[in-house]
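Since the structure comes first, as structure tokens, the remarks are kept for the end.
The values are calculated or read from the model by the stated rules, or taken from the named source; none is laboratory data. Please read these numbers as outputs of a predicted model, since none were measured by experiment. Quick reminder, even Gly has a Cβ in these numbers, built from the backbone with ideal geometry, and neighbours come from all protein chains shown. Quick note on the areas: whole protein, heavy atoms, side chains included, nothing else; ligands and nucleic acids left out. Shrake-Rupley method; radii C 1.70, N 1.55, O 1.52, S 1.80 Å.
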Amino acid sequence: MTELHTPHAGDDRAADTDVVALLMRQHGDIRNLFDEVEASTGEERRDAFRRLVRLLAVHETAEEEIVHPFARSALAGGGQVVDDRLTEERAAKETLADLDDLDTDDPKFLPRLTRLRTDVQEHARAEERYEFPHLRRGADPGRLAALAKAVEAAEAMAPTRPHPGIESPAANLALGPVAALVDRTKDAVRKAMGKDG
């Protein structure tokens, strides 16, 4: 069996010339990981879900730390657009927290995963409709490329596991470790941007 990995934007070797292209590619990677989690069982499902949680953490943290601040300051009406996206992200995080006590084989897991997928996809569609077009129109290509590089650097530096040494799938999915993964990803994003945590 081929070992699976968390997809990274750019794995297909296409150039991510701006942050919008990179985030759109990540949206596709996230959809594919949801498909993989739903289609697998046992250890394969646990592994796919762990990779999905990591990519969601990287993606949302990069948006919160890199993209949203730029959109808020650079776009007309950017504050409201960003506030709406943050509300959607909060709903997805709450749904993810609902999964924290469940093993991926629990009968309640797939219905809750479906709810998470709905929240995440609605958020992605809203970004693609209300935020991304404005970013493309409101920023020069050099700035969009610089934002993409910051997101790529953060993704490369982000932790692959919530806590080193915690090898239990159930422990890795607990809210505490997921929250720790998000915190460590924020630190990686800030480091990639040359900011102190």
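Couple of notes before you dig in:
- Largest accessible area first, the listed residues L113, L86 line up as L86, L113 when surface is computed with a 1.4 Å probe on the assembled protein chains.
- Near T104, once Lys and Arg are set to +1 and Asp and Glu to -1 for all other residues with Cβ below 10 Å from its Cβ, the sum equals -3.
- Flagged links, alpha-carbon separation over 21 Å, of K149/K186; K108/K186; K149/K191: K108/K186
- Packing, taken as the mean count of other beta carbons within 10 Å per residue, orders the peptides 115-123, 50-58 from highest to lowest as 50-58, 115-123.
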